[in-house]
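The values are calculated or read from the model by the stated rules, or taken from the named source; none is laboratory data. Note that the structure is a prediction, hence the values are computed from the model and not measured. Don't worry about glycine lacking a Cβ; one is built from the backbone with ideal geometry, like all the others, and counts go over all protein chains shown.
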Amino acid sequence: MAKRKRRNGPVAKPAASLPPIAPGLVSPTRRVPAEIERPPYGVSGDPGPSVSSLVRTPDEIAAMRRTGAAAAEILLRAGELVEPGITTDEIDSVVHDLSVEMGGYPSPLNYRGYPKSVCTSVNEVICHGIPDSRPLADGDIINIDVTLFREGVHGDTSATFLVGDVAPDSRRLVEVTLESLMLAIAAVRPGGPVRDIGQAIDPHAAKHRLGVVREFIGHGVGTEFHTNLQIPHYYDRRLTTPIEIGTSFTIEPMLTLGGPEAAMWDDGWTAVTIDGTRTAQFEHTLLMTEAGAERLTVTAAGECAHDRLPAAAPEPVAVFGATFSETLASGDRDIPT
Ligand code: MF3
Ligand code: CO
Ligand code: CO
């Protein structure tokens, strides 16, 4: 039997992001005024075992809409800060002050001992990056993950932002990750199984040769930061837990340019890809309704930071030796088919 010819040749392995992210200096703990209501772990750092229902009461739902809108507003403002030269500690300072100004507590602060008020995850950092003295560099990508506790409930939302001029493969990663979140939101149905989420995300990531992180997942969220509901972003047919009407939860896919396997820094928080390739994430807090999943982390005007991602340029297509974009640039608009 003849050996099948490879049509496209071997696929190059995606390269590690260089230079690698290294830990910087972490500034002293920021204070929250005494009049701000703290979550139960605020002082001890220990959230204890989850005891809350997965389903919210009408009053809790009303509170989650308001807290979700405030979290969305903070994420929008944090995203506006992103440019080469700003440190992740400066972003933390603004998120902290805005949270307090809006009458809330920045949920990450002292959650299981986490030292800062927001998570900032740059390039190959998958999630839970600790803000520090590192300035953002032109070409970086950064996920900012904001969670606000107010009126007894949490609103949890994140977006990945482009720093200056970002390479096409990273832009595609960011764009496909956002698409994955949107596909998953559209896929879930009242009473439908959790596996619908992975079933929407996995094939979309695979089509773009991107990995889906398995070691970190979405979660129920409400009066507690993390409830017992687990929301994996990969497909597994055994994930049959139904998402009942009234359930509040997150979807927060993390996609990778290379392998999805994670390693943890010595700080016990920062999760990075083992192969050093870049990774992106987007997150919304959602409420399951009769009509499907409603986004709670949007402003009163229905806005969120996700809407502001500039569309990635189309990948160049080879046309008779030149690339599609070169052909366009040369003024020759008659593209042969
Ligand atoms: N916001 C993260 C999530 O989406 C959790 C951060 S926990 C922290 O679940 F302690 F790192 F802040
Ligand atoms: Co979350
Ligand atoms: Co989050």
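Listed values, structure above:
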item	result
Cross-chain or 6+ apart pairs with Cβ under 6 Å, region 122-134 first and in contact (Cβ under 8 Å) with a residue 40 or more places away in the chain and over 12 Å from THR279 (Cα atoms), then within 15 Å of ligand 1 (Cβ to nearest atom) and in a strand (DSSP E or B)	HIS128/CYS119; HIS128/ALA271; GLY129/CYS119; GLY129/THR120; GLY129/SER121; PRO131/THR120
Of residues in region 217-273 being within 16 Å of ligand 2 (Cβ to nearest atom) and over 27 Å from GLY48 (Cβ atoms), the one nearest to the chain's Cα centre (by Cα)	PRO253
Selection status of LEU148, more than 16 Å from ligand 2 (Cβ to nearest atom) and among the hydrophobic types (A, V, I, L, M, F, W, C)	no
Residue match in region 158-174 (condition: in contact with a Gly (Cβ under 7 Å, 6 or more places away or on another chain), modelled with pLDDT of 95 or more, farther than 28 Å from GLU80 by Cα and more than 16 Å from ligand 3 (Cβ to nearest atom))	no
Test: LEU136 is of a type in the set (A, V, I, L, M) and either away from ligand 3 (no atom under 16 Å from the Cβ) or more than 30 Å from ARG56 (Cα to Cα) (or both)	yes
Candidates SER27, SER99, SER93, filtered to the one that is modelled with pLDDT of 95 or more, among the hydroxyl-bearing types (Ser, Thr, Tyr) and outside any helix (DSSP H, G or I)	SER27
Unique residue being free of Cβ contacts under 8 Å to residues at least 12 places away in the same chain and under 22 Å from the mean Cα position of the chain (by Cα) when the list is GLU80, GLU35, GLU73	GLU80
Number of positions in region 260-277 that are surrounded by 16 or more Cβ atoms within 10 Å (Cβ to Cβ) and not in a loop (DSSP other than H, G, I, E, B)	4
